[in-house]
Every structure is written in structure tokens, then in C-alpha cells.
1. Can you tell me which of Gly104, Gly13, Gly151 moves the most in a GNM of the chain? Springs connect C-alpha atoms under 10 Å apart.
2. Under the definition of Cα pairs under 8 Å and six or more residues apart, what whole-number percent is the relative contact order of the chain?
3. Given the options Leu140, Leu115, Leu207, which has the most mean-square fluctuation in a GNM of the chain, springs set between C-alpha atoms less than 10 angstrom apart?
4. About its Cα centre, how strong a charge dipole does segment 5-218 have in debye, to the nearest 20, once Lys and Arg get +1 and Asp and Glu get -1 at the Cβ?
5. With +1 on each Lys and Arg Cβ and -1 on each Asp and Glu Cβ, and nothing else charged, work out how big the dipole of segment 1-103 is about its Cα centre, in Debye to the nearest 20.
6. Under a crude label model (7 Å from the Cα following the beta-carbon direction), how far is Lys111 from Arg44 in nanometres?
7. Count the DSSP beta bridges whose two residues both fall in segment 5-218, then state the antiparallel fraction as a percent rounded to the nearest 5.
8. Give me the extension gain from Glu202 to Ala22: residue separation times 0.36 nm, minus the current Cα-Cα distance, reported in nm with one decimal.
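Values quoted throughout were computed directly from the atomic coordinates according to the rules given, and no laboratory measurement underlies them. Predicted, not measured: the structure shown is a model, and the values here were computed from it. Positions of Cβ are backbone-derived with ideal geometry, glycine not excepted, and every protein chain shown enters the neighbour counts.
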Amino acid sequence: PDGARPYVPTRGGLPALRRAAADCRGCPLYENATQTVFGAGPARARLMLVGEQPGDQEDRAGEPFVGPAGRLLRSALGEAGLDGDQACFTNAVKHFKFAPVTEGRKRRIHKAPNLRELAACRPWLAAELRRVNPELVVALGATAGKSLLGGSFKVTESRGALLSLASGADLPLATGDGGDGGRRLLATVHPSAVLRSKDRDEAFAGLVTDLRVASRFLG
Ligand code: URA
Ligand code: SF4
């Protein structure tokens, strides 16, 4: 497997992309996962939220952000004045990566994708971005940030700021003032990090504060 690029159709809309992604063998992650979990939401969403990879429940359902992290994210969106039903949800990596299953455990434990896997799956994210063409992309956590902006991205340095996102064909999409077509990127923490946080209320409030920047930008 040498990345998703050979599997990505150059023509057709999101449904064609989604169908093709179901058969992707661009990296080894398809082998143990149940199915490809492609992006979901309106085809012309103004807001696109990018997570890391599907979790245990998403892997079974075939839909992004249907588990605990997704519920927390939707509630944070609501508090920030954003309508989750009008947003498009996707992930940097489309197959669930998990640690070897230990006996007696129901829920499989997710493992963060590495830079190779991010690079392998990036053509799908780039293709979704081109089709949906959102005004604002929200990177949820370091993995999404790295996929969109490069391996040195750090959430703590960038969260809450409106960055420019160049509309070039290839990701990582460089930030800069020129040629971005007005497209913006906002980074924040991943909802799963809020769930794991010692002070969950404070972490949730931080997520909402960042998302309010998105809400103001979209008006
Ligand atoms: N976490 C993610 O990053 N994406 C999902 O779809 C679910 C949980
Ligand atoms: Fe293809 Fe991405 Fe799945 Fe790897 S993780 S097989 S690149 S869809």
C-alpha cells in the first residue's frame, strides 16, 4: 500500500468519494478495522470539523463522531452558537486504529495514527476539502492539525486563532496571507482530550471559547 491517492476519484461529488473510500487499501489500517468511516454532513457546509480517526463506536456504525466524543463535541458546538446539523464532520484518518484486543475488554482502545498513516490518508481529506469547500475548517487536536498544517503543528501554540488555509491541491495546506481564497483554519483541542481531562469543566469551557471564534467568524 502506498497511500490513498490511487483510490481517490478525480471526478464526482462526495457520494462518489465515499463509495471509493470504502475500498481503500492505501495503508495497512483497513486490515483490522470494520469499515471506512468517511466524512458526513451537508455537501456545501460552511464549517468542516476534522477529528483524528474514528473511535470504537464510529468503526462499528460507519459514521464519524457518533460516540462519546461526538456527543461532547455537539454540545460544545451548541454552546458556542454553532449548528452541528449544518456542519460537516470528518477525520484525518478514515480507519480505526486500535491496540491489540485484550480479553474481557469490550471497548477497543484507540491508538494514535502515525505520520505515515496521516500522509497515506491525506488525499481523502484533501478531496473532501475540495468538494465541500468550507469557509472554515476546525482542526480538533494535534493529529488533525498535523495533517492539515504539517508535522510541527502544536495545539497549545495555535488554538483559538484564525489561521489562513491555502486552497492548494495538496495538503498540508500552508498557512499564509496569499492565495487562500478567504478560507480559514481554527485549531482547538480534541473532544476526547476534554473527556480525559482532570478538570473536565475547564477543558470543556476552553473548547467552547475556541469554538466561539468560529461562530463569530461565520456570523
Ligand atoms: N474521535 C475522532 O477523532 N473522530 C471520530 O469520529 C470519533 C472520535
Ligand atoms: Fe485508506 Fe486511509 Fe483507510 Fe489507510 S486509513 S486504508 S489510507 S482510508
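1. Among Gly104, Gly13, Gly151, the largest mean-square fluctuation in the Gaussian network model of the chain belongs to Gly104.
2. Rounded, it is 21 percent for the chain.
3. Among Leu140, Leu115, Leu207, the largest mean-square fluctuation in the Gaussian network model of the chain belongs to Leu115.
4. 400
5. 480
6. Going by the 7 Å Cα→Cβ label model, 4.3 nm.
7. 25
8. Answer, rounded to one decimal: 61.0 nm.
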